[in-house]
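Trainee: Supplied in structure tokens, the structure appears directly below.
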Amino acid sequence: MSAPVPRTTERLRAWLRPAPDSIAGCAVRRGRPLWTEFVHLLWTMWVFIVPVFTPQGYNPLWWALTLVSYPLFVALYVRVLLAPRRRVRLPALGMMALCLVLLRWYPSGMSYFIFGCIFLGFGPWRSWWGYPLALLALNVLFVLAARAFGYPWTSMVWMPVTTLAVGVVVQSQRVLERKDQALELSQEEVRRLAATAERERIGRDLHDLLGHTLSLVALKADLAGKLLPRDPQAAQREIGELAGIAREALAQVRRAVSGIRSAEFAAELAAARLLLGGERIDLQVHRNDASALAPELETVLALCLREAVTNVHRHARARQVGVSLAAEGGRCRLLVEDDGRGGAIRPGNGLAGMRERVHALGGRVRWEPAQPRGTRLVVEVPLREAVAPQAVDAPAAAEAAGAQRGSGNFDGMSASPHAP
């Protein structure tokens, strides 16, 4: 006797599990709480208000039909939210059928018909005019049934107008949401492909960089091993050349890693346009003088731009963002301004990191209100501090000095300011 209970529970859980393309599934995927899709049930208050305007009022028949029909309507409503798009029409038609079956005795059921008409548009339609034509046909059927049951024309006029207007508006909103969702998916795919291409490029660069060098190291090591018993001086020369090759390879790897870690301002601008465009925020670039900047300074400004755009995307609720980068008078000035809600700035880890990076170059960061509203970020850095002395750490400098002392014909380490 206990076996059917888990099976029934499992079926109920499967029935309540939202499909990936369902209304509830799309809401959760877009970050909206699931309860927001049930807020629309508040409109069913008309089920309980309509009897005030009818001669029968809240009679026993109304109570009986409400106790039977309303839970069934809620079950159909839940099914519409959880079902795949291709199966939304069946519970929507069920709502309308529930209204038509009870229409003779139950005027409150007209609310069920309105919900059914609206949810009918959530299913797939081959053409844009298919849904309005279906709404028109169903409303004609409803009006004919209502007139057959003795409903006055004055109480029927508002039904087609309401269902057509609300249905088309909601359908248009859902179409825009699906397009936004498709745009987000395409943006994620672009980012994924870009990351994959970058990994492949790094792999090719490291292969080209180290393949020949490591082959030469192996050859020199084998040669030194063979020369050691019979010609120690020649073996020592080979070992010295081997050390120089290894140090040069290390310097090349450090320069390559430094290039990988750096961020280009133009690339950050493109990423910012992509991020803000997904939220329909217009990005306007008034001036961009990044081409004349040193790599270290450009990297810091690019990271500042990234942090500023991320904050605008998360908190500002802006519709337009302006970016300006100008290098003049011995200083470089980055300006990021939005027309969002503004307010007090509470610096977190991202803004604190931005301030530290700018201060390390001798610059300053400030936030101020924009006009007529919004926030303005101003980053000013002196151009003479473009190459920070802190960029070369002590171990790398010591190793570079050792390289110079150990090999007279090799100075790659001392010429590299990008050592990590």
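The values are calculated or read from the model by the stated rules, or taken from the named source; none is laboratory data. Just so you know, these numbers come straight off a predicted model, no measurement behind them. In this analysis, Cβ positions are derived from the backbone assuming ideal geometry, glycine residues included, and neighbour counts consider all displayed protein chains.
Trainee: Just to be sure before I move on: is Arg126 surrounded by 20 or more Cβ atoms within 10 Å (Cβ to Cβ), of a type outside the set (S, T, N, Q) and at pLDDT below 90 in the structure I sent?
Mentor: So Arg126 does not fit the description; no.
Trainee: Any idea which of (1) surrounded by fewer than 21 Cβ atoms within 10 Å (Cβ to Cβ); (2) at pLDDT 85 or above is the one Leu120 doesn't satisfy?
Mentor: (1)
Trainee: Right, next: Among the residues of the range 217-238, is there at least one that is buried (at least 16 other Cβ atoms within 10 Å of the Cβ), within 26 Å of Leu325 (Cβ to Cβ) and at pLDDT 75 or above?
Mentor: No, the conditions are met nowhere in the range 217-238.
Trainee: Filter the range 278-316 for residues that are assigned to a helix (DSSP H, G or I) and of a type in the set (Gly, Ala, Ser) and give the result. Talk me through it step by step, then tell me what you get.
Mentor: Residues of the range 278-316 that are assigned to a helix (DSSP H, G or I), as a first pass: 290-292, 295-316.
Those that are assigned to a helix (DSSP H, G or I) and of a type in the set (Gly, Ala, Ser): Ala290, Ser291, Ala292, Ala302, Ala308, Ala316.
Trainee: If you don't mind, there's one more thing I want to ask. Leu42 versus (1) over 30 Å from Glu279 (Cβ atoms); (2) at pLDDT below 90; (3) not aromatic (Phe, Trp, Tyr): which is the lone unmet condition?
Mentor: (1)
Trainee: Give me the pairs, please: first residue somewhere in the range 196-214 and more than 25 Å from Ala246 (Cβ to Cβ), second residue anywhere and in a helix (DSSP H, G or I), beta-carbon distance under 9 Å, and either six or more positions apart or on two chains.
Mentor: Glu198/Ile260
Trainee: On to the next question. Within the range 263-276, how many residues turn out to be out of contact with any helix residue (DSSP H, G or I) (no Cβ under 8 Å at 6 or more places or on another chain) and small (Gly, Ala, Ser)? Write out each step before concluding.
Mentor: Of the range 263-276, the ones out of contact with any helix residue (DSSP H, G or I) (no Cβ under 8 Å at 6 or more places or on another chain) are 270, 273.
Cutting the leftovers down to small (Gly, Ala, Ser) gives us 270.
Residues in the range 263-276 being out of contact with any helix residue (DSSP H, G or I) (no Cβ under 8 Å at 6 or more places or on another chain) and small (Gly, Ala, Ser): 1 in total.
Trainee: Here is a further query. Look through the range 283-296, keep the residues that are surrounded by 13 or more Cβ atoms within 10 Å (Cβ to Cβ) and touching a Gly at 6+ places or on another chain (Cβ under 9 Å), and return whichever of them is nearest to Val378 (Cα to Cα).
Mentor: Top of the filtered list is Val285.
Trainee: Which residues, counting only those in the range 323-332, are surrounded by 18 or more Cβ atoms within 10 Å (Cβ to Cβ) and closer than 20 Å to Gln371 by Cα?
Mentor: Val323, Leu325
Trainee: Return the residue satisfying two criteria in turn: it lies in the range 84-106 and is at pLDDT below 90 and in a helix (DSSP H, G or I), and of such residues it is surrounded by the most Cβ atoms within 10 Å (Cβ to Cβ).
Mentor: Arg89
Trainee: Just checking: which of the helices (runs of 4 or more DSSP H) contained wholly in the range 110-199 hold 2 or more residues that are under 23 Å from Arg86 (Cβ atoms) and of a type in the set (A, V, I, L, M)?
Mentor: Result: 110-120, 130-148.
Trainee: Here's a follow-up. If I filter the range 8-22 for residues that are over 34 Å from the mean Cα position of the chain (by Cα), at pLDDT below 80, assigned to a loop (DSSP other than H, G, I, E, B) and not aromatic (Phe, Trp, Tyr), do I get at least one hit?
Mentor: no
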